[in-house]
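The values are calculated or read from the model by the stated rules, or taken from the named source; none is laboratory data. Remember, predicted model here, so these are calculated numbers, not experimental data. Virtual Cβ from ideal backbone geometry, glycine too; neighbours counted across all protein chains shown.
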Amino acid sequence: KNQVEQSPQSLIILEGKNCTLQCNYTVSPFSNLRWYKQDTGRGPVSLTIMTFSENTKSNGRYTATLDADTKQSSLHITASQLSDSASYICVVILNQAGTALIFGKGTTLSVSS
Amino acid sequence: SAVISQKPSRDICQRGTSLTIQCQVDSQVTMMFWYRQQPGQSLTLIATANQGSEATYESGFVIDKFPISRPNLTFSTLTVSNMSPEDSSIYLCSVRTGEYEKLFFGSGTQLSVL
């Protein structure tokens, strides 16, 4: 069964600290993996898109990694800010057309001052 | 990129009534997608709305419960019919465009059914 598992379910960190969110998938075939940020009361917004051949991709203070052998991805947030408080969703795309998607349940991050 | 305006942003409804959610995209797109996001759960695709044809529903979702309209390439509506408390959820519309068919979402509709 195709699954996308995210951990931890929730996380609380102090402003300025770093954190890493995990995404493990048991999906086949695999086209690409995406991380989305969803602020409360808003729709998800794309952070990164990684294909099978990419190991690391950065978007500002967000760095995503992908290990296609172990089927694991991580999202590292550096020097967290209060505005990073949100839900982070991992999405695995099964096909090139991008029409078959499996969503993780998300990790809820709270950054406190 | 695509900008999607979705409304209403939230509503509180009585059991047995219906609510229509609207999404307007700032560009023409072939397909629009409707998702449900229940608390603590992943996004679940309800249906794909195609202009000029009937929507395609995913397993577990039926047209009588979630009728969809797609009158043109920039607009779609989703109606949640004969609501019950189990329909309380966030409903999101989405489009895919650009490289890798990147997903863009509306801001969501938070629905509470009493």
Suppose we filter B:SER69, B:SER76 for residues that are over 22 Å from A:GLY98 (Cα atoms) and outside any loop (DSSP other than H, G, I, E, B); which single one remains? B:SER69
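Surrounded by fewer than 16 Cβ atoms within 10 Å (Cβ to Cβ), in contact with a His (Cβ under 8 Å, 6 or more places away or on another chain) and either farther than 15 Å from A:SER110 by Cβ or aromatic (Phe, Trp, Tyr) (or both): is that true of A:THR51 in this structure? Write out each step before concluding.
Details: surrounded by fewer than 16 Cβ atoms within 10 Å (Cβ to Cβ): yes; in contact with a His (Cβ under 8 Å, 6 or more places away or on another chain): no; either farther than 15 Å from A:SER110 by Cβ or aromatic (Phe, Trp, Tyr) (or both): yes.
No: the conditions fail for A:THR51.
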Answer yes or no as to whether A:GLN81 is over 30 Å from B:THR56 (Cβ atoms) and in contact with a strand residue (DSSP E or B) (Cβ under 8 Å, 6 or more places away or on another chain). yes
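Evaluate the following for A:GLY41: is it at pLDDT below 95, surrounded by fewer than 17 Cβ atoms within 10 Å (Cβ to Cβ) and at positive phi?
Details: at pLDDT below 95: yes; surrounded by fewer than 17 Cβ atoms within 10 Å (Cβ to Cβ): yes; at positive phi: yes.
In short, yes.
Considering only segment A:68-90, state which residues are within 14 Å of chain B (Cβ to nearest Cβ) and modelled with pLDDT under 95. Walk me through it before giving the result.
Here is the first cut: in segment A:68-90, the residues within 14 Å of chain B (Cβ to nearest Cβ) are A:86-90.
Residues satisfying the conditions do not exist here.
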Would you call A:LYS105 within 12 Å of chain B (Cβ to nearest Cβ), touching a residue at least 12 places away in the same chain (Cβ under 8 Å) and over 24 Å from B:ALA2 (Cβ atoms)? yes
Residue set A:LYS37, A:LYS57; condition touching a strand residue (DSSP E or B) at 6+ places or on another chain (Cβ under 6 Å), among the basic types (Lys, Arg), within 13 Å of another protein chain (Cβ to nearest Cβ) and in contact (Cβ under 8 Å) with a residue 12 or more places away in the chain; output residue A:LYS37
Filter segment B:90-102 down to residues that are within 7 Å of chain A (Cβ to nearest Cβ) and either crowded, with 24+ Cβ neighbours inside 10 Å or not in a strand (DSSP E or B) (or both) and give me whichever is modelled with the highest pLDDT. B:LEU92
